[in-house]
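Read the structure below first, then the notes.
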Amino acid sequence: MIGEAQFKMVPCEGCGAKNFIPSVTPRFQTVPCAECAHPVMMPVKLRHFELRSVIASGGMGTVFRAYDTILQRQVAVKLLQKEFAQDAASMAGFLREARACAGLNHTNIIHIHNFDEHEGRKFLVMELSDNGSLDGRFEKEGRVDELLALDVGIKIAGALDAAHKHGLLHLDVKPGNILFNADGEPKLVDFGLAKRVGEKSNPDEGLMGTPLYIAPERVEHQREDFRSDMYSLAATLYHVVTGKPPFDGADDAQVAMAHVEEPLTPPNKILSTLSPDTNDSIVRAMARDPGQRFSSYDDFIMALTAARSRLLVKRFGG
């Protein structure tokens, strides 16, 4: 008989199989499930949250699938690496994300439940959206279906509009920052680079954002506004629907400068089956001159919605 002091039974989050893990297993270390090889982690208590498995890891921290033992619900916990707790810039981004999301209430923006600290570790408690990312769907298939891209574009544009109406710019819209919940609803996450509308950027900070999707005015440290996020969302749609980024280069610096210096290849030149309406919406939202882009998110959403409606008629009739 296995002694409870020596082993603990932990169900696999992948297949549900029972796994007996040694009680002395270091915190956060995983072992492969005996049935499906899915990583299994000994639950870790963080105040009244029980961290059960890893959803994603990044340079600054790790996101865990967790259980709130008081409210008895599944949540996600983003735990900042201990070494970043004393780093002012890292903490500023972490707090920025918490405060930005906490003030927003939109179906397609990840909801923040709590911000706290335990044993010197800062952490965010968020709603659980663990049904993959737009990035993951794109990587798995090579590209995503145009209809899905339009659905995501319409909803995330609405999320960005809501943020803008609350005086916030996201400034890091990309496929990896769009997650899906269990119902398939897209959620905009990671407001770590968010700024208040009108807040000036600091050229000394360097390029803040993801080069594949960054707006040209941000590369040149010119005035950024909601159209900068619109550009990044359109660049995201371009990439996932065609399978190729709008601009490329040997390194991040070359990719970023390509947004400024090179003409945009219309996405339908890469994917000939792309509908004209979707192509035109993406091209306009990615105009190098912000003044040539859509003048509001409402206009952008209307264009994407019209493209979606025509695509539905083309595919299914009606």
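This table checks each residue for (1) touching an Asp or Glu at 6+ places or on another chain (Cβ under 8 Å); (2) polar (S, T, N, Q); (3) modelled with pLDDT under 90; (4) more than 21 Å from Lys18 (Cβ to Cβ).
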residue	(1), (2), (3), (4)
Leu51	no, no, no, no
Gly61	no, no, yes, yes
Phe64	no, no, no, no
Leu71	no, no, no, yes
(request) Among the numbered conditions (1) in the same structural domain as Gln81 (by TED's automatic domain parsing); (2) farther than 22 Å from Arg65 by Cα; (3) part of a helix (DSSP H, G or I), tell me where Ala162 comes up short. (result) (1)
(request) Kindly establish whether Thr242 is under 23 Å from the mean Cα position of the chain (by Cα), more than 30 Å from His166 (Cα to Cα), in the same structural domain as Glu141 (by TED's automatic domain parsing) and in contact (Cβ under 8 Å) with a residue 60 or more places away in the chain. (result) yes
(message) For segment 97-125, give me the residue count where each residue is touching a residue at least 60 places away in the same chain (Cβ under 8 Å) and either acidic (Asp, Glu) or within 26 Å of Val44 (Cβ to Cβ) (or both).
(response) 8
(message) Just to verify a result, which residue in segment 103-157, among those that are among the acidic types (Asp, Glu) and in a helix (DSSP H, G or I), is surrounded by the fewest Cβ atoms within 10 Å (Cβ to Cβ)?
(response) Glu141
(request) Could you identify the single residue in Asp289, Asp277, Asp298 that is surrounded by fewer than 24 Cβ atoms within 10 Å (Cβ to Cβ), within 23 Å of Glu199 (Cβ to Cβ) and of a type in the set (Asp, Glu)? (result) Asp289
(message) Condition first: at pLDDT 90 or above and touching a helix residue (DSSP H, G or I) at 6+ places or on another chain (Cβ under 8 Å). Now tell me which residues in segment 114-144 satisfy that.
(response) Leu124, Met126, Ser133, Leu134, Asp135, Arg137, Phe138, Arg143, Val144
(request) Output the residues belonging to segment 79-102 that are in a loop (DSSP other than H, G, I, E, B) and surrounded by 15 or more Cβ atoms within 10 Å (Cβ to Cβ). (result) Gln81
(request) Working carefully through the options Ala303, Ala287, find the one that is touching a helix residue (DSSP H, G or I) at 6+ places or on another chain (Cβ under 6 Å) and of a type in the set (A, V, I, L, M). (result) Ala303
(request) Scan Lys195, Lys174, Lys155 and give me the residue that is without any contact (Cβ under 8 Å) to a residue 40 or more places away in the chain and touching a Ser or Thr at 6+ places or on another chain (Cβ under 8 Å). (result) Lys195
(request) Have a look at Ile282, Ile301 and point out the one that is aliphatic (A, V, I, L, M), under 12 Å from Met230 (Cα atoms) and touching a Gly at 6+ places or on another chain (Cβ under 7 Å). (result) Ile301
(message) Here's a check for you: in segment 132-153, which residue that is under 16 Å from Thr107 (Cα atoms) and of a type outside the set (Gly, Ala, Ser) is farthest from the chain's Cα centre (by Cα)?
(response) Asp151
(message) Show me the helices (runs of 4 or more DSSP H) found entirely inside segment 202-279 where at least 3 residues are touching a Lys or Arg at 6+ places or on another chain (Cβ under 8 Å) and within 23 Å of Gly291 (Cβ to Cβ).
(response) 226-242
(request) Working carefully through the options Ile301, Ile282, Ile270, find the one that is of a type in the set (A, V, I, L, M), in contact (Cβ under 8 Å) with a residue 60 or more places away in the chain and in the same structural domain as Ala163 (by TED's automatic domain parsing). (result) Ile301
(message) Of the residues Leu128, Leu79, Leu95, Leu104, only one is in contact with a Lys or Arg (Cβ under 8 Å, 6 or more places away or on another chain), of a type outside the set (Ser, Thr, Tyr) and more than 30 Å from Lys244 (Cα to Cα); which?
(response) Leu79
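The values are calculated or read from the model by the stated rules, or taken from the named source; none is laboratory data. Please read all numbers here as calculations on a predicted model, not as lab measurements. For neighbour counting, all protein chains shown are included, and Cβ atoms are generated from backbone atoms with ideal geometry for every residue, glycine included.
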